[in-house]
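The values are calculated or read from the model by the stated rules, or taken from the named source; none is laboratory data. The structure presented is a predicted model; accordingly, all values stated were derived computationally and were not measured. Here the Cβ positions follow ideal geometry from the backbone for every residue, glycine too, while neighbour counts run over all protein chains shown. Areas reflect the complete protein model, heavy atoms only, side chains present, ligands, DNA and RNA absent. Shrake-Rupley method; radii C 1.70, N 1.55, O 1.52, S 1.80 Å.
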Amino acid sequence: MTIRLRNTVDGWGATARWLHWLIAALVLVQFVIGSVAEEMTLTPAKLDLFVWHKSIGVSVLLLAVIRLSWRLGNPPPALPDGTREWERKLAATAHWVLYALIFAVPLSGWWVSDASRVPFKAFFLVPMPDFIATDRSLQEAAAEVHEVLTMTLLIVIVGHVVAALRHHFLLHDDVLRRMLTGRRNRDQS
Ligand code: HEM
Ligand code: HEM
């Protein structure tokens, strides 16, 4: 079996699929780490957990750059025949909002970190640039923005997952299957 990297009219290539699932997994891990770390009392373990949260977060940002660049040069496969106009528009809007949020959420988190007095070394190794001076009230404002954006991302993801499950279990089409395996049902026969 040959691995197809690029998308075709019918299906997603391996690059788009791997980037989709890798980012999805890391974002979900980020929700858990961020929420747990925030609830902890101030200990070295909390600071370490935040280093992981920030490091995975900037990795998501980097992967988002790669993914968007790839997407711009690789049109997505067509939706199934018979998909109504409002569904196409809703799907396209949700997808672009998701793309915007996988940039905006890590950037807002980085802003919180930058305004705080804690220096940030990605994966405890790579010192990250410090763009703004320590500012407690800016840090709190940025934390509010990060929280609103993460909650918005969560809501859009829930809608996105419901839509994917609807395609699979109610409409019985290939939309979820081709994102998982890259193949349409008829290719497997
Ligand atoms: C953090 C979590 C997620 C993010 C940020 C995300 C983002 C996206 C984006 C931006 C697209 C559009 C791709 C494009 O047009 O280039 C997409 C497609 C898709 N996603 Fe997700 N996704 C996430 C999680 C999930 C999950 C958990 C599922 C399934 C249960 C899922 C199922 C799909 C499917 C089936 C498509 C293909 C839709 C089509 O063929 O038009 N996604 N996702
Ligand atoms: C996909 C990326 C990310 C997701 C999904 C995410 C999610 C979260 C969540 C759920 C929380 C806890 C509640 C909240 O304030 O919203 C949180 C807090 C936090 N995150 Fe992120 N985050 C991401 C990336 C980042 C990055 C890249 C940084 C820094 C470089 C960062 C820094 C922080 C900080 C400092 C807090 C504590 C905010 C406070 O003091 O209230 N996050 N994040």
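What to note about this one:
- For the chain, calculated [θ]222 nm from helices alone, where every DSSP H run of n ≥ 4 adds -39500 (n - 2.57): -23500 deg cm²/dmol
- Put simply, the amide H of Ala122, placed in the peptide plane, has neighbours under 5 Å in Met128, leaving out anything fewer than 5 places away on its chain.
- Whichever lysines have a C-alpha closer than 21 Å to that of Lys46, once near sequence neighbours (fewer than 8 apart) are set aside: Lys54, Lys121
- To the nearest 10, the accessible area of His20 is 30 Å² with a 1.4 Å probe.
- Whole-percent carbon and sulfur share, accessible surface of the chain, 1.4 Å: 70
- Max mean-square fluctuation residue, GNM over the chain, Cα-Cα springs under 10 Å, options Gly13, Gly73, Gly57: Gly73
- Each principal axis of the Cα cloud of segment 93-189 was taken in turn, and the coordinate range along them, longest first, works out to 60, 28, 17 Å.
- Average Cα contact separation per residue, the chain, under 8 Å, 6 or more apart, as relative contact order %: 24
- Net length gained if the chain between Ala94 and Trp52 were fully extended (0.36 nm per residue, minus Cα distance): 12.3 nm
- Computed over the chain with a Gaussian network model linking Cα atoms closer than 10 Å, the most mobile of Ala115, Ala141, Ala104 is Ala141.
- Shown here for segment 110-189: trypsin sites (Lys or Arg not before Pro) in loop regions (DSSP other than H, G, I, E, B) with at most 10 other Cβ atoms within 10 Å, namely Arg117.
- Sequence-separation-based contact order of segment 1-110, relative, with Cα cut under 8 Å and 6+ spacing, percent: 34
- Measuring nothing but how far apart in sequence close Cα pairs (under 8 Å, 6+ apart) lie, relative to its length, segment 53-126 scores a relative contact order of 60 percent.
- For the chain: Kirkwood Rh in Å [reciprocal of mean 1/r, alpha carbons]: 18.4
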